[in-house]
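For reference, the structure is listed below as structure tokens.
The values are calculated or read from the model by the stated rules, or taken from the named source; none is laboratory data. Model, not experiment: these values are computed from the prediction. Glycine gets a Cβ as well: all are built from the backbone with ideal geometry, and neighbour counts include every protein chain shown.
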Amino acid sequence: MRFTWFNLMPWPYLPEDFREQNRSVWVDISGNLFDPVKGHALYNDYMDLLEYAGGVGFDGIGVNEHHQNGYGLMPSPNLIAAGLARRTDQCAIVVLGASIALYNPPLRVAEEFSMLDCLSGGRLVAGFPVGTSMDTNYCYGTIPGLTREKYAEAHELIRRAWAEREPFAFNGRYTKLRYVNLWPRPVQQPHPPIHIPGGGSLETFDFCIDHTYSYSYLSFGGYIRGKQLMDAYWDRVAQRNTPDTSPYRAGFAQFICVADTDSEAERLYAPHVHYFYNRCLHVYPGFADAPGYRTIKTIQKGVLSQYAPGSLFQEHPWKDLVENGHVIAGSPETVRQRMEELIEGLRVGNVFCLMQIGDMPKDKCMHSTRLFAEKVMPKLRHLFAEYAGDGRFWCHPLPKRAVPAEVRERPLVDA
Amino acid sequence: MELKTINTHRVPVRYYEGGEGPPLVFLHGAGGLVMDLQFLDQLARRFHVYAPLVPGYGDSEECPELRDMLDFTLHTWDVVDALGVRNPILAGFSMGGMIAGEMAALAPHDVARLALIAPAGLWLDEHPIPDIFAMLPYDLPKVLFYDEVAGAQAMTAGMDLGDPKFLQAFLVENARQLGAAGKILFPIPERGLAGRLYRIRAKTLLIWGESDKLIAPAYARAFQNAIADAEVVMIPQAGHLVPFEKTAEVVAALSRLV
């Protein structure tokens, strides 16, 4: 099993009447709600938390990319990842990921991921999302109907740039480069492991199967609702005669809160979970799915954005959120049981643990994180033991890695 | 009007044809032809009307190879050629006006007269065009009509977004139609036409609803200033969907072109 402690980096100061006063938490959220002085403290707190999780036994620490978003403060996940690479030494750095169609040229992603892989000594797990419609189309202006074609071309460029050792010309429709010549190159050869976050597009299932990439469903709906989509993925894996059904071909994101008892979990964490569902998920439905972003085939299968009208869950009492699996919360034993249900039910070897939720303060988050690492994770390690040797979807760090040195000037030895 | 199919280099194209008189090619807006059928019937009393659908609209085949403005412009000339029409009166509404303007700029000697009805294609910072791609269906009538209530009734007749089957069909149609329109309209409906309008030689009519809340009447002046021989017809008590709201007035204005 691979457990990645994942931080969305939500802005925790959205006012109580945020929903009434604002159309959307994403795309056109008011700039007046951001305070850079608080932002300074917050980024540092959030990076502390990621580093803490990396130190207590999580296999990976994860970041992702969002734009103009009140619950995701990382337009550039690679900046955060670079910082994390310096202050952690064991865990994978999971960037899930960089929206490759949004970079001009997309070669930038190949370069930055190579830098991160060098910086971290081969600890990078790379993610290539198509990106949500909010980020890709509405914030970054990519034409919806051309997004997938642009993505496919960016992917081809990055993979070739990582693979080839001599300069080559790349004549794409969206990117034309006379001299593609990647410097630096990634530590992991032929390339870092690749995860693809998806929202149920059939094309993305096939893309993962074709390239041996891990499919990650980053839903906020929890594992009970998520099962339908993951089942569809595994059906597709079977249909396509994929050579194996390794659980590491799949990942799932889940909100998790651990306390000493079930009732303590509610007392400690419920307000922060409500903050997330009621304020952070307040996305204007008009931004959910730009026409042309999702393919006809996918719409016909009934796959809609989790931000589509009617899809969002609001004002649910704690009990419902827990029972419906939106949040796995409770004592270590309760959480263990439900995590087993998740892992086995969805057949996922990679779990992205969303443990900083809404406006949860640092101390509570560390408490929950430590309990999970000490009392839950060890009891889940035995799952999928038969696939323990499957290294295709995880990083392969250098055995000997540099550590950041203390900065101290030494007398110059001038020979 | 009769719905027919004609083959072009890239894709079979569906088009309406009917009426007698000088040939007039009408290019529809991002909403398709559904709201314009009566207008076309009226137009067919004075013109031989051809109204092709952009690939992906209605029941027509999609054409992924149409990606940018030049593709749309040349494809539409291909349609005109395939129809065997020479020197047509070229009329276009909204997105169709943008395509017609581009066609007339690209091939200025091949257009007898040009009629741009509330065309897209320019961008004035002082008059930003609302983002129809981010609008929910029930928000559209507010920006499309002068008489919002009547417009909404006509637009949403038979629509039930609460019915999952209807919703799915609606989303598929949107993805096909607005997905195609987005190639030239998203995220800003401007692809450099301003720099090409000087090439237009045809006598041009700019027809606008005085209360257009999508593409403000200020754009009429901007087009007029950039086209050598252009006249503005401003129609009172009409919004963006002026051919629907003031059918007789628009037909009358077009009739003056011959």
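Details
- Single unsatisfied condition, B:Gly192 versus (1) touching a residue at least 40 places away in the same chain (Cβ under 8 Å); (2) surrounded by 14 or more Cβ atoms within 10 Å (Cβ to Cβ): (2)
- Here A:Tyr223 meets each of (1) more than 14 Å from every other protein chain (Cβ to nearest Cβ); (2) part of a loop (DSSP other than H, G, I, E, B); (3) crowded, with 17+ Cβ neighbours inside 10 Å with one exception, condition (2).
- Scoring B:Pro128 on the criteria (1) away from chain A (no Cβ under 14 Å); (2) modelled with pLDDT of 95 or more leaves a single failure, condition (1).
- Counted residues, the stretch B:93-146 - those being β-branched (Val, Ile, Thr) and either farther than 18 Å from B:Ala30 by Cβ or in contact with an Asp or Glu (Cβ under 6 Å, 6 or more places away or on another chain) (or both): 1
- For B:Phe145: the one exception among (1) more than 24 Å from B:Arg67 (Cα to Cα); (2) within 14 Å of chain A (Cβ to nearest Cβ); (3) aromatic (Phe, Trp, Tyr): (2)
- Subset of the stretch A:257-276 (residues that are within 15 Å of A:Glu323 (Cβ to Cβ) and not in a helix (DSSP H, G or I)): A:Cys257
- Which listed residue is in contact (Cβ under 8 Å) with a residue 60 or more places away in the chain, charged (D, E, K, R) and surrounded by fewer than 24 Cβ atoms within 10 Å (Cβ to Cβ), from A:Arg87, A:Arg165: A:Arg87
- Applying the criterion of being in contact (Cβ under 8 Å) with a residue 60 or more places away in the chain and outside any loop (DSSP other than H, G, I, E, B) to the residues of the stretch B:227-252, the residue that is surrounded by the fewest Cβ atoms within 10 Å (Cβ to Cβ) is B:Ala248.
- Selected residue (criterion: modelled with the lowest pLDDT) from residues of the stretch B:153-171 that are among the hydrophobic types (A, V, I, L, M, F, W, C) and more than 21 Å from the chain's Cα centre (by Cα): B:Leu161
- For the stretch B:162-189, filtered to residues that are β-branched (Val, Ile, Thr) and more than 20 Å from A:Thr298 (Cα to Cα), the residue that is surrounded by the fewest Cβ atoms within 10 Å (Cβ to Cβ) is B:Ile188.
- Selection count, the stretch B:22-35, where residues are modelled with pLDDT of 95 or more and either touching a helix residue (DSSP H, G or I) at 6+ places or on another chain (Cβ under 7 Å) or buried (at least 24 other Cβ atoms within 10 Å of the Cβ) (or both): 9
- Of all the listed residues (B:Met135, B:Met159), the sole one being surrounded by fewer than 18 Cβ atoms within 10 Å (Cβ to Cβ) and more than 13 Å from chain A (Cβ to nearest Cβ) is B:Met159.
- Pairs where the first residue, in the stretch A:375-386, is under 26 Å from A:Asp244 (Cα atoms) and the second is at pLDDT below 95, C-beta under 8 Å, 6+ apart: none
- Tally, over the stretch A:23-51, of residues that are hydrophobic (A, V, I, L, M, F, W, C), out of contact with any strand residue (DSSP E or B) (no Cβ under 6 Å at 6 or more places or on another chain) and buried (at least 16 other Cβ atoms within 10 Å of the Cβ): 6
- Total residues in the stretch A:121-146, condition surrounded by fewer than 24 Cβ atoms within 10 Å (Cβ to Cβ) and either within 10 Å of chain B (Cβ to nearest Cβ) or among the hydrophobic types (A, V, I, L, M, F, W, C) (or both): 5
- Here B:Leu53 fulfils each of the conditions (1) in contact with a Lys or Arg (Cβ under 8 Å, 6 or more places away or on another chain); (2) within 14 Å of chain A (Cβ to nearest Cβ) apart from (2).
- In the stretch A:103-117, residue farthest from A:Arg178 (Cα to Cα) [restricted to those that are aliphatic (A, V, I, L, M) and over 17 Å from the mean Cα position of the chain (by Cα)]: A:Met115
- Contact annotation: residue pairs with Cβ atoms under 7 Å, 6 or more positions apart or on different chains, pairing a residue in the stretch B:56-71 that is in contact (Cβ under 8 Å) with a residue 24 or more places away in the chain and outside any loop (DSSP other than H, G, I, E, B) with a partner that is of a type outside the set (A, V, I, L, M, F, W, C) and buried (at least 18 other Cβ atoms within 10 Å of the Cβ), are B:Met69/B:Glu102; B:Met69/B:Arg191.
- Residues of the stretch B:94-125 that are touching a Leu at 6+ places or on another chain (Cβ under 9 Å), more than 14 Å from chain A (Cβ to nearest Cβ) and under 26 Å from A:Tyr138 (Cβ atoms): B:Ser94, B:Gly96, B:Gly97, B:Met98, B:Ile99, B:Glu102, B:Ala118, B:Pro119, B:Ala120, B:Gly121, B:Leu122.
- The number of residues in the stretch A:169-201 that are within 14 Å of another protein chain (Cβ to nearest Cβ) and either surrounded by fewer than 18 Cβ atoms within 10 Å (Cβ to Cβ) or in contact with a Gly (Cβ under 8 Å, 6 or more places away or on another chain) (or both) comes to 2.
- Scanning the stretch B:198-205 for any residue that is among the hydrophobic types (A, V, I, L, M, F, W, C) and surrounded by fewer than 19 Cβ atoms within 10 Å (Cβ to Cβ) turns up nothing.
- Residues of the stretch B:6-21 satisfying the condition of being more than 15 Å from B:Val85 (Cα to Cα) and surrounded by fewer than 18 Cβ atoms within 10 Å (Cβ to Cβ): B:His9, B:Arg10, B:Pro12
- Filter pass, B:Gly182 being at pLDDT below 95 and more than 17 Å from B:His127 (Cβ to Cβ): no
- In the stretch A:277-294, the residues that are under 16 Å from A:Pro144 (Cβ atoms), of a type in the set (A, V, I, L, M, F, W, C) and not in a helix (DSSP H, G or I): A:Ala288, A:Ala290
- Within the stretch A:24-72, the set of residues being in a helix (DSSP H, G or I), under 16 Å from the mean Cα position of the chain (by Cα) and more than 20 Å from A:Leu371 (Cβ to Cβ) comprises A:Met47 only.
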